[in-house]
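To start, the structure itself, in structure tokens.
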Amino acid sequence: MTTAYYTHADCKRHEMGSWHPESPERLQAIEDQLIASRISTLLDHRDAPSAEESDLARVHTADAIYRIRENCPSEHSEYDHFPLDADTALNSYTWRACLRAAGAAIAATDAVIDAEIENAFCAVRPPGHHASRKESMGFCMFNNVAIAARHAIDVRGLQRVAIVDFDVHHGNGTEDIFRDDPHVLMVSFFQHPFYPYSGDGEPASNMVNVPVPAHSYGDVIRTLVTEKWLPALRAFQPEMIFISAGFDAHREDDMGQLGLTEADFAWLTRQVMAVAKDYSKGRIVSCLEGGYNLSALARSVTAHLKVLADLE
């Protein structure tokens, strides 16, 4: 099984301040753990190309794109960062990092559809699932998974794609973009009540939102996936599956209060792969979202990739 690993150095150059948990060190921790676990050489490493603005425009408004492109400080600016909100900011490399992050997801989508590879993981930042059509928020500028899913539909002609989101936070941006879209099924669980304080209302028919209380552990998540996610995914019969892979639901991650472990993320990945094998020709593209305890993040991504690459 060929699993590609997409990333780019530009994704490490975007940063929002030395204090910020969504840091460049996240990608370095993952790479170090892959080497330590002796699986790095078993992956197909690929540099992420840059997306075009037209790719972003399939899911984001012109104003949303303009706000990021035009407000990044110049390398010679007296200001290091431009704040979008209390916890989301731009630096001089953010625009390039955004294009690489979206470009990785698109390139992975094309490579999987063209059967160059069986699946892919995009180790990119900024993350994306809080970015809605009109707004960047929650560490996210543009919605990488949504951009790739829309590319699969509009450019590559797929009729049914599924998005699996297992971040501790609700993927409100992805839901905003695809609400009531018959080509897309989104399944997710997330801690609630919790940022961004959404996802607990009556969802659209193509959304399977499962809010869970703080301190829920792996047994709770496995039950809800078995009872709610898997029947919906199998009924939908997706031609391709995208994963918003957030690892901040890990019990060691202080960003949330859920209790998952590496074994739970591996189990989740196996369930998604089984659906993909039955209906999607095995086609999966996974993109990094959250995960802020560096050790837990690196171990969890490694567990995720071991399953994707059939190394367990």
### Message
So in the stretch 144-160, with the set limited to residues that are under 15 Å from the mean Cα position of the chain (by Cα) and of a type in the set (A, V, I, L, M), which one is surrounded by the fewest Cβ atoms within 10 Å (Cβ to Cβ)?
### Response
ILE147
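Based on what the data block shows, is ILE113 β-branched (Val, Ile, Thr) and surrounded by fewer than 22 Cβ atoms within 10 Å (Cβ to Cβ)?
Yes.
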### Residue match in the stretch 145-160 (condition: within 19 Å of ASP87 (Cβ to Cβ), part of a loop (DSSP other than H, G, I, E, B) and in contact (Cβ under 8 Å) with a residue 24 or more places away in the chain)
no
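Going by the structure shown, is VAL307 at pLDDT 95 or above, crowded, with 24+ Cβ neighbours inside 10 Å and closer than 30 Å to ARG156 by Cα? Break it down into steps so the answer makes sense when it comes.
On the way: at pLDDT 95 or above: yes; crowded, with 24+ Cβ neighbours inside 10 Å: no; closer than 30 Å to ARG156 by Cα: yes.
The answer is no for VAL307.
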### Query
Does the stretch 166-209 hold any residues that are farther than 14 Å from GLY290 by Cα, touching a helix residue (DSSP H, G or I) at 6+ places or on another chain (Cβ under 6 Å) and assigned to a loop (DSSP other than H, G, I, E, B), and which are they?
HIS183, SER198
### Query
Taking interchain pairs and intrachain pairs at least six residues apart, which have beta carbon atoms under 9 angstrom, with the first residue in the stretch 277-288 and touching a residue at least 60 places away in the same chain (Cβ under 8 Å) and the second β-branched (Val, Ile, Thr) and assigned to a loop (DSSP other than H, G, I, E, B)?
CYS287/VAL124; LEU288/VAL124
### Query
Can you pull out the strands (runs of 3 or more DSSP E) entirely within the stretch 32-115 that have at least 1 residues that are touching a His at 6+ places or on another chain (Cβ under 7 Å) and not acidic (Asp, Glu)?
88-90
### Query
Are any residues in the stretch 116-134 of a type in the set (A, V, I, L, M, F, W, C) and either assigned to a strand (DSSP E or B) or more than 17 Å from the chain's Cα centre (by Cα) (or both), and if so, which ones?
ILE117, ALA120, PHE121, CYS122
### Task
Name the one entry in PHE247, PHE265, PHE242 that is crowded, with 20+ Cβ neighbours inside 10 Å, under 15 Å from the mean Cα position of the chain (by Cα) and in a helix (DSSP H, G or I).
PHE265
### Query
crowded, with 24+ Cβ neighbours inside 10 Å, of a type in the set (A, V, I, L, M), part of a strand (DSSP E or B) and touching a residue at least 12 places away in the same chain (Cβ under 8 Å), is that true of VAL272?
no
### Query
Applying the selection to the stretch 101-114, what residues are touching a residue at least 24 places away in the same chain (Cβ under 8 Å) and out of contact with any Ser or Thr (no Cβ under 6 Å at 6 or more places or on another chain)?
ALA101, ALA102, ALA104, ALA105, ILE106, ALA107, ALA108, THR109, ASP110, ALA111, VAL112, ILE113
#### Entry: Unmet requirement for ASP180, which otherwise passes all of (1) on the phi < 0 side of the Ramachandran plot; (2) surrounded by fewer than 21 Cβ atoms within 10 Å (Cβ to Cβ); (3) not aromatic (Phe, Trp, Tyr)
(1)
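The values are calculated or read from the model by the stated rules, or taken from the named source; none is laboratory data. It should be emphasised that the depicted structure is a prediction, and the values quoted were computed from it without experimental measurement. Here Cβ is always computed from backbone atoms with ideal geometry, including for glycine, and neighbour counts include all displayed protein chains.
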